[in-house]
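The values are calculated or read from the model by the stated rules, or taken from the named source; none is laboratory data. Values in this document were obtained by computation on a predicted structure and should not be read as measured data. We place every Cβ from the backbone using ideal geometry, glycine too, and count neighbours over all the protein chains shown. Only protein heavy atoms, including side chains, enter the accessible area calculation; ligands, DNA and RNA are left aside. Shrake-Rupley method; radii C 1.70, N 1.55, O 1.52, S 1.80 Å.
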Amino acid sequence: MNDLHTITLERPADRVALITLNRPKAKNALNLQTMREITDLTARLDADPDVGAIIITGSDTVFAAGADIKEMRDLTFSEVHAQDWLAGWTALADVRTPLIAAVAGYALGGGCELAMMCDLLIAADNAKFGQPEITLGVIPGMGGSQRLTRAVGKAKAMDLCLTGRMMDAEEADRSGLVSRVVPTATLREEALTAATRIAGFSAPAVAMAKEVVNQAFETGLAEGLLFERRVFHSTFATEDQKEGMAAFSEKRAPQFRHR
Ligand code: CO8
């Protein structure tokens, strides 16, 4: 796509889109243009019935080194407040298609926050996560204090946000930040395998599964369980439920319609 300058788009497998952050000279720092390109592109991919999973990745050594410090450094309070600086990223959290962050190397500040906005976070064994904003005289601004705390608990989140230290892949795995850790050399392949698998299932069932898990962060248990049960009931309105259960009974592979 020729309107992309800070990211690239590939279609490496059927029903899978792969977005690669591509500002190597700035360690894939996320500037406004990157935000617009990612949110516009993921919205377009989300509306495409031929896309069942989206991978977001960086290079072998850096996922993203955070928001673009050089772009922000001279902004005033009035400017960031008036523009609601970084609010545009919330569009990514509205994407209904599963998002897989495939993280190798540094995922710092906004880079860590971008990875946490995704649904699966697959880390290479060289990944390093951190919220170093405190070292710059600011605080996380794209969800780091909220999503990180929900993912790893107060003790670790405070440690990362107050000291600015990095967490390696092993600690991130132990702390519940990442879905799994894989060798750096196989990161892309592992992400692709997961994406292909997800994209092969019933698209309504996948969207509903994502929705109900996300609901766990928004509601109390009783309300969440009721929401889950009602959404479970609604899967029985889909042809894919009939096909999936018939295929199991008939000992054959299901042929999902994906819509
Ligand atoms: N923004 C802009 N440029 C960057 C960034 C960044 N986040 N990170 C690296 N770069 C640039 C460097 O300035 C350097 O440019 P140049 O070649 O022109 O000097 C180039 O990328 C290469 O970087 P290094 O030489 O530093 O590479 P190293 O391999 O030595 O180090 C690191 C890699 C460890 C990733 C290091 O670059 C680093 O620490 N980067 C900054 C990490 C950071 O602090 N991230 C947090 C940013 S703030 C944020 O994400 C959220 C802010 C929310 C604010 C809310 C406001 C409303």
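Please determine whether any residue of segment 27-36 is under 14 Å from the mean Cα position of the chain (by Cα) and not charged (D, E, K, R). Looking through segment 27-36, at least one residue is under 14 Å from the mean Cα position of the chain (by Cα) and not charged (D, E, K, R).
Could you please let me know if Leu177 is assigned to a loop (DSSP other than H, G, I, E, B), farther than 22 Å from Ala237 by Cβ and out of contact with any Gly (no Cβ under 7 Å at 6 or more places or on another chain)? Taking the combined requirement at face value, the residue satisfies it.
In summary, Glu113 fulfils each of the numbered conditions (1) surrounded by 24 or more Cβ atoms within 10 Å (Cβ to Cβ); (2) of a type in the set (D, E, K, R); (3) more than 23 Å from Gly130 (Cα to Cα) with the single exception of condition (3). Of everything listed in (1) closer than 22 Å to Leu108 by Cα; (2) surrounded by fewer than 20 Cβ atoms within 10 Å (Cβ to Cβ); (3) among the hydrophobic types (A, V, I, L, M, F, W, C), the single unmet condition for Leu187 is (2). When restricted to residues that are surrounded by fewer than 17 Cβ atoms within 10 Å (Cβ to Cβ) and touching a residue at least 40 places away in the same chain (Cβ under 8 Å), segment 127-156 contains 2.
The residues of segment 202-249 that are without any contact (Cβ under 8 Å) to a residue 40 or more places away in the chain, open to solvent by less than 60 Å² (accessible area, probe 1.4 Å) and of a type in the set (S, T, N, Q), listed by number, are Gln215, Thr219, Ser234, Thr235, Thr238, Gln241.
Of all positions in segment 165-178, at least one carries a residue that is among the polar types (S, T, N, Q) and either within 11 Å of the ligand (Cβ to nearest atom) or under 18 Å from the mean Cα position of the chain (by Cα) (or both).
State whether the residues of segment 98-106 include one that is out of contact with any Gly (no Cβ under 9 Å at 6 or more places or on another chain), open to solvent by 20 Å² or more (accessible area, probe 1.4 Å) and of a type in the set (Ser, Thr, Tyr). Within segment 98-106, not a single residue is out of contact with any Gly (no Cβ under 9 Å at 6 or more places or on another chain), open to solvent by 20 Å² or more (accessible area, probe 1.4 Å) and of a type in the set (Ser, Thr, Tyr). Tell me whether segment 186-205 contains one or more residues that are more than 22 Å from Glu10 (Cα to Cα) and part of a helix (DSSP H, G or I). Yes, some residue in segment 186-205 is more than 22 Å from Glu10 (Cα to Cα) and part of a helix (DSSP H, G or I). Would you please list the contacts, defined by Cβ atoms under 8 Å and residues six or more apart or on different chains, that run from a residue in segment 24-45 that is more than 13 Å from the ligand (Cβ to nearest atom) to a residue that is small (Gly, Ala, Ser)? Going by the 8 Å Cβ cut-off, the qualifying pairs are Arg36/Gly88; Thr39/Gly88; Thr39/Ala91; Thr42/Ala91; Ala43/Ala91; Leu45/Ala17. Arg252 - would you say it is of a type in the set (D, E, K, R) and surrounded by fewer than 12 Cβ atoms within 10 Å (Cβ to Cβ)? Judged against the criteria, Arg252 is a match.
So which residues in segment 1-14 are closer than 26 Å to Arg73 by Cβ and not in a strand (DSSP E or B), if there are any at all?
Start the filter on segment 1-14 by keeping residues that are closer than 26 Å to Arg73 by Cβ, which leaves 4-7.
Matches in segment 1-14: Leu4, His5, Thr6.
Filter segment 122-157 down to residues that are assigned to a helix (DSSP H, G or I) and of a type in the set (S, T, N, Q) and give me whichever is farthest from the ligand (Cβ to nearest atom).
Our first condition is that a residue be assigned to a helix (DSSP H, G or I); within segment 122-157, this holds for 132-136, 144-157.
From what's left, of a type in the set (S, T, N, Q): 135, 145-146, 149.
Details: Thr135: 6, Ser145: 10, Gln146: 13, Thr149: 16 Å.
By that ranking, first place goes to Thr149.
Scanning segment 88-110 for residues that are under 17 Å from Asp173 (Cα atoms) and not in a strand (DSSP E or B) yields Ala104, Gly105. For Thr61, the criteria (1) more than 10 Å from the ligand (Cβ to nearest atom); (2) open to solvent by 20 Å² or more (accessible area, probe 1.4 Å) hold in every case but one, which is (1). Against the test of being open to solvent by less than 60 Å² (accessible area, probe 1.4 Å), at pLDDT 95 or above and farther than 20 Å from Ile54 by Cα, the options Asp159, Asp119 yield a single qualifying residue, Asp159.
Which residue out of Leu45, Leu21 is open to solvent by less than 50 Å² (accessible area, probe 1.4 Å) and under 16 Å from Ile198 (Cα atoms)? Full working, then the answer.
Details: Leu21 fails: under 16 Å from Ile198 (Cα atoms).
None of the other options fit; the residue is Leu45.
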